[in-house]
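Structure record follows, encoded as structure tokens.
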Amino acid sequence: MERMSDARGLVVGNWKMNLDFVEAVHLTQQIGVVLRHQPVAHTDVVVAPPFVDLRSVSSVLEADRVPVAMAAQHVNAHDAGAHTGEISVGQLARLGVTQVIVGHSERRTLYAMSDDVVRATLFAVVRAGLRAILCVGEDLDVRSAGGQNEFVAGQLRDALEPLTPAQRALVTIAYEPLWAIGTGRSATSDEVRAISTHVRLVAADLEMPGALVLYGGSVSPENAGELISQGVNGFLVGGASLKAESFLAIIRAVDDCYAELR
Ligand code: PGA
């Protein structure tokens with residue numbers, strides 16, 4: 001994989017439906033203390049709290065000057081109006097959210113988020129000038145049949161083709177195979193290397209040669225050091241992002257790898 005010497009790693013913590021606002025403040029403070037005293041020089045860090053925690057987390061990030069950006073886990077594609085229970089991109093931006101996770105497999109499978117909705121949501125995010133973390137990945141049946149490359153390419157093309165090159169530049173791609181999410185069984189190094197090469201080819205074809213590619217699925221302090229050297233720019237972390245110690249260890253592993261590339 002080509003990495004420029006000024007390339008930076010990226011670690012995104014997806015807290016999912018965990019942590020109330022008090023717990024979220026506590027975790028943010030713990031992460032903040034460490035990152036302010038032992039900064040990581042080559043890695044960007046993002047946390048994606050539940051909607052109800054965003055305001056509190058943003059207050060801590062700002063007050064304590066924590067070098068961490070804030071993402072939302074999902075958003076509605078519409079600007080405003082009669083969408084009971086939904087949240088708009090504008091509302092998120094106003095809270096200091098700079099990135100949005102789009103099409104996480106839990107949204108796609110548990111909440112019937114169709115490819116059409118993924119496409120519309122991605123468009124709404126980048127049209128507003130926010131960054132998007134577009135999640136793609138196959139289930140076990142597709143993987144067992146060897147269809148992962150085709151499946152992932154289809155998801156990427158479907159979501160990205162309607163965007164202009166400038167809008168595509170705002171998109172980070174997160175490859176998250178469904179069979180690895182929350183299972184404790186991460187993809188192997190060989191699997192991560194093969195799929196990241198494939199994702200980069202598809203991205204290049206979509207005129208996104210410099211796209212950031214993340215891996216997600218049971219990333220832990222134990223496997224982060226090995227997986228980061230398999231051609232990805234960083235990780236989308238679920239379970240291990242809920243504890244400061246494990247999240248920081250993963251961030252350190254990515255940062256050490258990028259420090260060596262200088
Ligand atoms: P996990 O989740 O790290 O708990 O497997 C990853 C994700 O769903 O983003």
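The values are calculated or read from the model by the stated rules, or taken from the named source; none is laboratory data. Note that the structure is a prediction, hence the values are computed from the model and not measured. Backbone-built Cβ (ideal geometry, glycine too); neighbour counts: all protein chains shown. Protein only, heavy atoms only, side chains kept; ligands, DNA and RNA dropped before computing areas. Shrake-Rupley method; radii C 1.70, N 1.55, O 1.52, S 1.80 Å.
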By how many nm would the segment from residue 245 to residue 65 lengthen if fully extended, with 0.36 nm per residue of separation less the alpha-carbon distance? 62.8 nm
Placing +1 on each Lys and Arg Cβ and -1 on each Asp and Glu Cβ in the chain, then taking the dipole about the Cα centre, the residue among 154, 78, 201 whose Cα reaches farthest towards the positive end is 78
So what are the radius of gyration and Dmax for the Cα set of the range 118-262, in Å? 15.0, 40
Computed label-point distance, nm, for sites residue 226 and residue 82 using a 7 Å Cα→Cβ extension: 5.5
Taking the chain and dividing mean pair separation by its residue count, relative contact order in percent (alpha carbons under 8 Å, at least six apart): 21
Could you tell me which trypsin sites (Lys or Arg not before Pro) in the range 130-205 are loop residues by DSSP with no more than 14 other beta carbons within 10 angstrom of their beta carbon? 185
Where Lys and Arg each count +1 and Asp and Glu each count -1, what net charge lies around residue 41 among other residues with Cβ under 13 Å from its Cβ? -2
Once you keep just the Cα pairs under 8 angstrom separated by 6 or more residues, what percentage relative contact order results for the range 1-141? 20
Solvent-accessible ranking of 215, 111, largest area first, probe 1.4 Å: 111, 215
According to the square roots a ≥ b ≥ c of the eigenvalues of the Cα gyration tensor, what is the shape class of the chain, taking rounded for a/c under 1.5, prolate for a/b larger than b/c otherwise, and oblate for the remainder? rounded
The percentage of the accessible area of the chain (probe 1.4 Å, all protein chains present) made up of carbon and sulfur atoms, to the nearest whole number, is 53
For the chain, with every protein chain kept in place, what is the accessible area per residue (1.4 Å probe, Å²)? 46
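To check you understand DSSP bridge types, tell me what percent of the beta bridges within the chain (both residues inside) are antiparallel, rounded to 5.
Values: 0 of 29 bridges.
Counting only bridges with both partners in the chain, antiparallel ones make up about 0 percent.
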Quick query: amide H of residue 174 versus all other amide H atoms, modeled in the peptide plane; which residues come in under 5 Å with a sequence gap of 5 or more or a different chain? 134, 135, 136, 214
How much accessible area does residue 26 have with a 1.4 Å probe, in Å² rounded to the nearest 10? 110
For residue 150, the accessible surface traced by a 1.4 Å probe with all protein chains present amounts, in square angstrom to the nearest 10, to 150
Name the helices (complete DSSP H segments) of the chain with a Cα length along the long axis of 20 Å or more and a Kyte-Doolittle mean of at least 0.5, or state none. 21-37, 244-260
In terms of the charge dipole of the range 9-260, which places +1 on Lys and Arg and -1 on Asp and Glu at the beta carbon, the residue among 254, 92, 225 farthest towards the positive end is 92
Mean separation of Cα contacts under 8 Å (6+ apart) over length of the range 125-262, as relative contact order %: 22
Would you mind counting up the charge near residue 148? Only other residues with Cβ under 10 Å from its Cβ, with Lys and Arg at +1 and Asp and Glu at -1. -3
With +1 on the Cβ of every Lys and Arg and -1 on the Cβ of every Asp and Glu, and nothing else charged, how large is the dipole of the range 1-103 about its Cα centre, in debye rounded to the nearest 20? 140
With Cα springs under 10 Å, the Gaussian network model of the chain assigns the largest mean-square fluctuation among 17, 113, 208 to 17
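Show that you can apply the helix-only estimate: for the chain, add -39,500 (n - 2.57) for every DSSP H stretch of four or more residues, divide by all residues, and state [θ] at 222 nm to the nearest 500. Before the final figure, lay out each step's value.
Working: 11 runs with 115 residues, N = 262.
Rounded to the nearest 500, it is -13000 deg cm²/dmol.
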Can you grab the distance from the C-alpha centre of the range 209-262 to the C-alpha centre of the range 89-138, Å, no decimals? 22
